[in-house]
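Contents: one structure, followed by commentary.
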Amino acid sequence: MPRMVGGLHDEDFVFLTIVAIGVSLALQWIEPAAIGATLLLVWRLFFKPPFDTKQYRLPPKAPFGLIETIQNITTKQIITFFLRVHQKVNCNVALLNFPVPKCNYTVLVVDADLTRDILNDKSTTKAEGIVKTFERVTDGESQFFSNNGPRFYHARKAIAPAFSNSQINRMNGVTREKTEEWIQLRLEPMASNGEPIDIIHEMVELTLTIIMDAAFEYTLTKEERENLLTSLDITLREFIFSNPIKTTFGFLFPSVLRARRKAKELMALANNIIRAYRKNPNPTPGTVIDTIVRNPNYRNDNERAADIIVLIIGGHETSAASLAFFLRELAKNPSEQYILQKQLREMNEEERKDSELLRMYIRESTRLWPLSLPGPFRQVGRDFVVKSNDPSERDIMIPKGSAVFMPIICLFQNEAIFEDHERFVPSRWECPTEDMKKAWMPFGLGNRNCIGQSLATCELQSILSRLCANYNFEVVEEGSEDFSLILHPVGIRLKATKI
Ligand code: HEM
């Protein structure tokens with residue numbers, strides 16, 4: 001079978017060997033000929049062929065050079081970069097000029113079926129070449145998020161029951177209580193004064209209070225809360241998808257040194273949370289902190305602390321960004337707002353959070369603003385083949401070991417799947433097409449999907465049903481979007497009026 005070695009076909013190999021020997025002989029340089037032939041032989045022996053190039057080809061190359069790709073992927077340009085690549089290559093897979101450690105190729109995938117296959121594939125893992133950089137946020141300590149194998153498995157297995165139905169009922173109680181407090185203390189005064197609300201700031205405060213209580217039974221002091229939010233902002237901005245030069249020569253950059261100090265502070269806070277739990281005479285069984293502290297498979301408390309930081313990050317920023325994007329979308333679309341309000345107000349208060357219409361609105365806002373913008377990403381554990389549409393063309397191969405970006409934004413904003421994709425049209429979810437259903441995976445899939453999905457869904461439904469049934473929202477400032485770990489809004493100001 002014809003094979004390819006280090007980019008050369010068998011015939012190229014034979015040809016080059018003959019040329020090397022021939023040229024050297026012609027020049028009567030026997031030694032160089034021997035060296036040339038030996039080098040080619042070594043190449044042939046040690047570089048395993050990635051795939052049969054007669055039958056398969058690599059994905060088409062994205063027309064962006066190394067520097068341009070790094071600049072786009074490591075800054076907020078990433079928001080539109082993958083969409084641009086997809087448009088330019090006119091194919092559902094593309095080779096990216098973005099080297100990922102320990103991965104032979106980096107591939108962009110924009111295909112719902114293939115994304116599902118990859119995410120559900122048992123041999124496929126998190127791309128450690130990418131996610132290991134996240135450990136800098138926890139001062140170099142390993143996290144279940146950034147690992148495959150036993151470090152991931154024992155932690156995830158122990159924590160997962162903390163998001164089961166019975167725990168979610170308890171967390172829903174916490175969500176309701178904290179939302180009422182926030183409404184009385186913050187929203188009501190701003191609404192009655194007609195004061196614009198910095199909605200992302202308010203939602204971060206609310207969701208942070210909820211996760212700290214519901215998952216960690218811990219109340220942050222004002223100072224701890226401010227430090228936590230500042231430290232997260234600084235470390236995530238500095239370390240996530242960071243520029244490779246800064247990653248390697250971090251000690252030369254004052255901003256990196258500052259972020260390293262903040263990472264230590266984050267770990268100190270997480271260790272305080274562990275100590276507070278151990279001192280608690282009556283801890284609630286089955287909470288996230290309970291499952292972490294009781295899990296004997298951690299090497300030490302620092303590993304526990306790292307997982308706590310991961311869950312604090314996952315547990316508040318994501319929900320806060322979703323809530324803020326939703327309320328902005330509603331405020332921008334008064335007729336849609338009216339329809340939702342009317343329906344919610346016709347229901348009794350207990351039923352409101354389970355409103356089907358509200359679920360459709362949440363879906364539509366999540367579709368327009370998918371938080372997990374560049375991902376999911378993985379390292380494929382086997383070859384994946386993409387059938388070519390053109391029978392005269394070879395099929396495309398994503399070789400085992402490649403890093404794969406599967407940005408769901410490219411599916412959610414694909415005109416072929418979602419007609420009028422730029423518009424907020426909740427009614428499109430009344431009768432979703434098969435393609436829409438296949439593309440729908442805002443929490444990822446497979447064994448590395450979102451561990452907090454049930455809590456996030458419960459929070460969104462509970463908070464939004466309470467707000468939308470009782471307040472009307474108008475845009476004062478639309479703000480914009482930014483990206484650090486997730487896509488999140490900045491500078492949105494809304495005016496709330498009690499109905
Ligand atoms: C609307 C809110 C949320 C969205 C849209 C969201 C979305 C996601 C997505 C897309 C992933 C990656 C899945 C993958 O790589 O296949 C993920 C992972 C994760 N999420 Fe969420 N999430 C949300 C809320 C939460 C909450 C509330 C928590 C925690 C309480 C959380 C904790 C995590 C963690 C720890 C992971 C990593 C799981 C692992 O590595 O095994 N998320 N989330």
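Per-structure values
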| quantity | calculated |
| --- | --- |
| Residue check for Phe424: part of a loop (DSSP other than H, G, I, E, B), within 16 Å of the ligand (Cβ to nearest atom) and not assigned by TED's automatic domain parsing to the domain that holds Leu229 | no |
| Close pairs (8 angstrom Cβ cut-off, 6 or more residues apart or separate chains): free of Cβ contacts under 8 Å to residues at least 40 places away in the same chain in the stretch 284-303, surrounded by fewer than 13 Cβ atoms within 10 Å (Cβ to Cβ) anywhere | Val293/Arg278 |
| Every pair of residues 6+ apart whose Cβ atoms lie under 8 Å, when the first sits in the stretch 307-324 and is within 8 Å of the ligand (Cβ to nearest atom) while the second is assigned to a helix (DSSP H, G or I) and among the polar types (S, T, N, Q) | Val310/Thr138; Gly315/Thr207; His316/Thr207; Ser319/Thr207; Ser322/Ser365; Ser322/Thr366 |
| Ala321 vs. criteria at pLDDT 95 or above, within 26 Å of the chain's Cα centre (by Cα), in a helix (DSSP H, G or I) and under 29 Å from Leu460 (Cβ atoms) | yes |
| Residues that are assigned to a helix (DSSP H, G or I) and surrounded by 20 or more Cβ atoms within 10 Å (Cβ to Cβ), drawn from the stretch 338-358 | Leu340, Leu344, Arg352, Leu358 |
| Residue satisfying condition, being farther than 26 Å from Leu208 by Cβ, assigned to a helix (DSSP H, G or I) and within 14 Å of the ligand (Cβ to nearest atom), within set Leu455, Leu411, Leu460, Leu464 | Leu411 |
| Top-ranked residue of the stretch 125-150 - restricted to ones that are among the basic types (Lys, Arg) and in a helix (DSSP H, G or I), ranked as nearest to the ligand (Cβ to nearest atom) | Lys132 |
| Criterion violated by Glu481 - all others in (1) within 19 Å of Leu368 (Cβ to Cβ); (2) buried (at least 17 other Cβ atoms within 10 Å of the Cβ); (3) touching a helix residue (DSSP H, G or I) at 6+ places or on another chain (Cβ under 7 Å) satisfied | (2) |
| Filter result (charged (D, E, K, R) and surrounded by fewer than 16 Cβ atoms within 10 Å (Cβ to Cβ)) within the stretch 177-205 | Glu177, Glu180, Glu181, Arg186, Glu188, Glu195 |
| Leading residue by the ranking (surrounded by the fewest Cβ atoms within 10 Å (Cβ to Cβ)) among those in the stretch 427-447 that are more than 8 Å from the ligand (Cβ to nearest atom) and assigned to a loop (DSSP other than H, G, I, E, B) | Cys431 |
| Pair list, Cβ under 6 Å, 6 or more apart: the stretch 481-499 residue over 22 Å from Arg367 (Cβ atoms) and in a strand (DSSP E or B), other residue away from the ligand (no atom under 16 Å from the Cβ) and among the aromatic types (Phe, Trp, Tyr) | Ala496/Tyr471; Ala496/Phe473; Lys498/Tyr471 |
| Residue match in the stretch 448-459 (condition: in contact (Cβ under 8 Å) with a residue 40 or more places away in the chain, buried (at least 21 other Cβ atoms within 10 Å of the Cβ) and farther than 15 Å from Phe163 by Cα) | no |
| Hits in the stretch 109-124 - residues which are more than 12 Å from the ligand (Cβ to nearest atom), buried (at least 20 other Cβ atoms within 10 Å of the Cβ) and in a helix (DSSP H, G or I) | Ala112 |
| Tally, over the stretch 359-407, of residues that are near the ligand (Cβ under 10 Å from one of its atoms), closer than 15 Å to Val109 by Cβ and not in a loop (DSSP other than H, G, I, E, B) | 2 |
| Residue count for the stretch 223-257, restricted to those that are of a type in the set (Lys, Arg) and at pLDDT 95 or above | 1 |
| Asn348 vs. criteria out of contact with any His (no Cβ under 6 Å at 6 or more places or on another chain), polar (S, T, N, Q), within 16 Å of the ligand (Cβ to nearest atom) and over 25 Å from Ile486 (Cα atoms) | no |
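Quick grid of which residues meet (1) closer than 28 Å to Val476 by Cα; (2) touching a Lys or Arg at 6+ places or on another chain (Cβ under 9 Å):
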residue: Arg258; (1), (2): no, no
residue: Ala263; (1), (2): no, yes
residue: Met267; (1), (2): no, no
residue: Ala305; (1), (2): no, no
residue: His316; (1), (2): yes, no
residue: Arg328; (1), (2): yes, no
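The values are calculated or read from the model by the stated rules, or taken from the named source; none is laboratory data. As the structure is a prediction and not an experimental result, all values here were calculated from the model. Positions of Cβ are generated from backbone atoms using ideal geometry, with glycine treated the same way; all protein chains shown enter the neighbour counts.
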